[in-house]
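This structure is in structure tokens; I'll ask about it shortly.
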Amino acid sequence: MAQFQIRTTIPGSDRGQPLHDARILGPVAADERFEITVRVKRGTPLASLPDQGLYADQLPARRRYLARSDYAERHAAPQADLAKVAAFARDCGLVVLASDAARRSVFLSGNAAQIGQAFDTVVEYHEHDGGVYRGRSGALSVPSELAGVIEGVFGIDDRPVAKPHFQQRRQSPGIGIVAHAASAAFTPPQLARLYNFPPDQNGAGQCIGIIELGGGYRSADLNAYFAKLRLDPPQVVTVRVDGGRNQPSGVDSADGEVMLDIEVAAAIAPKARIAVYFAPNTDKGFLDALTLAIHDQVNQPSVISISWGAAEINWTAQAKSSFDQALQTAAALGVTVCVATGDNGSDDGMGDGRPHADFPASSPYALACGGSKLIASAGKISSEVVWNESTTSATGGGVSDFFDTPAYQLKAGVPLTAYPKARAGRAIPDVAGDADPATGYVVRVDGQDMVIGGTSAVAPLWAGLIALMNQRLGHPVGFINPMLYGSAHGNGAFQDIVSGNNGAFKAHPGWDACTGWGSPNGVNLLHALKG
């Protein structure tokens, strides 16, 4: 690499302060090796495809979604750009591990000195309450001839980026999977009946993808759980991403997230294939898992469930943009992505007195899933309000400080953000479902039956419903958001939740920033989507 090479900053790559409880230990050893992902621009922009109907209120049958192979042919990263990145990497002494045009990614390996020189950054160790991570600060740069080619570089900084949005309800020993008060906790099939999910569908022919950034599952637990539900064990496959793996440990770990996601989705759609993508909890791991799931030609998920996230302020602009573009690709392929909105109310766990939207739920291409508190009696819903037990146990929801208001939300009455200045933005959630741990989901984790809540449960609940509707319709629902804000939210498709708040925002008739349009009436929503 030339010593006086003209360089260009990668837009949005500025990495802010270390984690709030972290201190710098010193530079990373020059010979420490690690892997990074370089994201390359898309070939033909998706915005040039008017027949996609991404923002039109079109019924699923009228959509013209791209096949994965067609997308790869038309909109993948240009081979010439991939070659430029590979040549630059080799000039810097980096090893090109692989490249994927559809995922618009070049995967590289090198030591800290090589990577630091290649992208003009200093890599340091940081210690925080959760351990030690490899961090950087400031912006990244590349030679000017790569300006506009490289859109993001991920993996230099490997701080944990997301947290699972589930909460365990502490309870007395002996609770069974079926023997419990129906108003206090529910099995997923009970919730499916309360929410009037299509009773004659089982998800056959569908694949539900689940993104996990830690934890694991045990097949023995799944067999025991589904035996008590009198269902066959689900077909679960593990997909390893960036060294991530199925690694169960104990009930107080991320195992609760993994088991909750699998058990809820599979109990709702018992004949669907469940593909679990395990990745490290880093921006690189999370993004690589998402792009792999979207472009997975083997499992081909028609719906993806994500129960991990963090306040937008914690993410770099390049990460938010790259995730958003990946989710836009999912929309073009007809893949619905359900994302939990967080469990710490409108504050989203930041503790600064300001509302924050959780990401990646705040992407306009995500189906953002908020939470309610559900009470049932005699097999019917008797009460459903906004989930809010405290500032640390309440549904997330609010307005993005990064993404503009999408066209489908322009008439929804989205409130303005207050920080850093008043502006309109993408608002979440879009939909809701039972999330309060006090009225949560009976699941099995590491040999123990327990009740878990959180918006983590709502994402797989909706993913299961989407799989049922995809099966019944014979084609994917796909990017459902424009339809929800258009014709589909009427006709009894939702139970409007009009009582409660999540801190800064209050529930009211119609859409609100606590529970969106409300909880689903599955059959009525299916009829609305059929037109």
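The values are calculated or read from the model by the stated rules, or taken from the named source; none is laboratory data. As the structure is a prediction and not an experimental result, all values here were calculated from the model. All Cβ positions, even for glycine, are placed from backbone atoms using ideal geometry, and neighbour counts span all protein chains on display. Accessible surface areas use protein heavy atoms only, side chains included; no ligands, DNA or RNA. Shrake-Rupley method; radii C 1.70, N 1.55, O 1.52, S 1.80 Å.
How far apart, in nm, are the 7 Å Cα→Cβ label points at Lys506 and Glu145?
Going from the Lys506 label point to the Glu145 one covers 6.2 nm.
What residues have an amide H closer than 5 Å to that of Ser372, excluding those fewer than 5 places away on the same chain, when H is modeled at 1.01 Å from N in the peptide plane?
Under 5 Å from the amide H of Ser372 lie the amide H atoms of Trp387, Gly433, Asp434, Ala435, Asp436, each far enough along the sequence or on another chain.
I'd like the orientation of helix 255-268 relative to the chain: the angle between its Cα long axis and the longest Cα principal axis, in ° from 0 to 90, rounded to 10.
Rounded to the nearest ten degrees, it is 50.
Run the numbers on region 318-405 and let me know its relative contact order in percent, using alpha-carbon pairs under 8 Å that are six or more apart.
Values: 156 pairs, mean separation 28.8, N = 88.
That works out to 33 percent.
Right, something else. Quick one: compute the contact order of the chain, relative version, from alpha carbon pairs under 8 angstrom and 6+ residues apart, as a percent.
Values: 1384 pairs, mean separation 93.4, N = 531.
Reported relative contact order: 18 percent.
While we're on this one: How big is region 62-158 on each of its three principal axes, counting only the C-alpha atoms and giving the largest first in Å?
52, 35, 22
Nearest 10 degrees, 0 to 90: what angle lies between the long axis of helix 317-333 and the longest principal axis of the chain (Cα atoms)?
Once rounded, the angle reads 60 degrees.
List residues of region 14-47, by number, whose backbone nitrogen lies under 19 Å from a label position 7 Å along Cα→C-beta of Ala407.
45-47
Also: Within region 334-428, what percent of beta bridges assigned by DSSP are antiparallel, to the nearest 5? Could the numbers behind the result be given before it?
Numbers: 11 of 15 bridges.
That works out to approximately 75 percent antiparallel.
Taking 0.36 nm per residue of sequence separation and subtracting the Cα-Cα distance, how much length would be gained by fully extending the chain between Asp91 and Arg74, in nm to one decimal? Write down the numbers at each step before the final one.
Values: separation 17, 0.36 × 17 = 6.12 nm, distance 2.96 nm.
Working it through step by step, the gained length comes to 3.2 nm.
Non-local amide H neighbours of Ser105 (under 5 Å, H modeled in plane, Pro and chain starts lacking H): which ones?
Val40, Asp100
Using the Cα gyration tensor of region 453-498, with a ≥ b ≥ c the square roots of its eigenvalues, what is the shape: rounded (a/c below 1.5), prolate (a/b larger than b/c) or oblate (neither)? Walk me through the numbers before you get to the answer.
Values: a/c = 1.93, a/b = 1.06, b/c = 1.81.
Note, shape of region 453-498 comes out oblate.
By its C-alpha gyration tensor, with a ≥ b ≥ c as the square roots of the eigenvalues, how is region 201-322 shaped: rounded for a/c under 1.5, else prolate for a/b larger than b/c, else oblate?
Values: a/c = 2.10, a/b = 1.50, b/c = 1.40.
Prolate, because a/c is 1.5 or more and a/b exceeds b/c.
Continuing with this model, one more query. With a 1.4 Å probe and all protein chains left in place, how much of the accessible area of the chain comes from carbon and sulfur atoms, in whole percent?
On the way: 9540 of 19070 Å².
Answer for the chain is 50 percent, counting heavy atoms of protein chains only.
Could you state the accessible area per residue of the chain in Å², with a 1.4 Å probe and every protein chain left in place? All intermediate terms of the calculation are to be shown ahead of the outcome.
Working: 19070 Å² over 531 residues.
The answer is 36 Å² per residue.
Then there is this: Label-point separation (nm) for Glu389 and Ala30, each offset 7 Å from Cα along Cα-to-Cβ?
It is 5.4 nm.
Taking the Cβ-Cβ separation of Ala113 and Gln5 as r and a Förster radius of 22 Å, what is the calculated FRET efficiency to the nearest 0.05?
About 0.80, to the nearest 0.05.
So, one more: For the chain, give me the percentage of DSSP beta bridges that are antiparallel, rounded to the nearest 5 percent.
Details: 56 of 85 bridges.
The antiparallel fraction comes to roughly 65 percent.
Amide H to amide H, which residues 5 or more places from Ile304 or on other chains are under 5 Å from it, using H placed in the peptide plane?
Those qualifying (amide H under 5 Å, at least 5 residues apart or on another chain) are Gly209, Thr336, Val337, Cys338.
Can you compute 3J(HN,Hα) from phi for each residue in region 353-369, using the Karplus curve 6.51 cos²θ - 1.76 cosθ + 1.60 with θ = phi - 60°, rounded to whole Hz and x for Gly and Pro?
Result, ordered by residue: x, 10, x, 9, 8, 7, 10, x, 4, 7, 4, x, 9, 9, 8, 7, 10 Hz.
Under the classification rounded if a/c is under 1.5, otherwise prolate if a/b is larger than b/c and oblate if not, where does region 368-482 fall, given a ≥ b ≥ c as square roots of the Cα gyration tensor eigenvalues? Kindly include the intermediate steps, with their values, before the conclusion.
Working: a/c = 2.07, a/b = 1.34, b/c = 1.55.
The shape class here is oblate.
So for Ser137, Ser383, Ser322, what's the accessible-area order with a 1.4 Å probe, most first?
Values: Ser137 75, Ser383 45, Ser322 5 Å².
Putting Ser137, Ser383, Ser322 in descending order of accessible area: Ser137, Ser383, Ser322.
Follow-up. Going from most exposed to least, what order do Glu312, Glu389, Glu73 have by accessible area with a 1.4 Å probe?
Working: Glu312 10, Glu389 95, Glu73 155 Å².
From most accessible down to least: Glu73, Glu389, Glu312.
Same structure again: Between the helical axis of 219-228 and the dominant principal axis of the chain, each derived from Cα atoms, what acute angle in degrees is found, rounded to the nearest 10?
Its long axis makes an angle of about 20 degrees.
Can you list the lysines whose alpha carbon sits under 29 Å from that of Lys320, skipping same-chain ones fewer than 8 residues off?
Hits, sequence-local ones excluded: Lys41, Lys84, Lys163, Lys284, Lys411, Lys421, Lys506.
If you don't mind, another one. Starting at the first residue of region 391-397, write each ³J(HN,Hα) from the Karplus equation 6.51 cos²θ - 1.76 cosθ + 1.60 with θ = phi - 60°, in whole Hz, x for Gly and Pro.
Running phi through 6.51 cos²θ - 1.76 cosθ + 1.60 with θ = phi - 60° gives 5, 9, 8, 7, 5, x, x Hz.
Below 8 Å, C-alpha to C-alpha, sequence gap of six or more: please give me the relative contact order for region 246-339 in percent.
Details: 56 pairs, mean separation 24.6, N = 94.
Dividing the mean separation by the residue count of region 246-339 yields 26 percent.
Between Arg423 and Gln297, what is the spin-label point distance in nm, taking each point 7 Å from the Cα along the Cα→C-beta axis?
About 4.0 nm, to one decimal.
Continuing with this model, one more query. Could you give the length gained on full extension between Gln17 and Ala317, defined as 0.36 nm per residue of separation minus the Cα-Cα distance, in nm?
Details: separation 300, 0.36 × 300 = 108.00 nm, distance 1.39 nm.
Result for the pair: 106.6 nm of gain on full extension.
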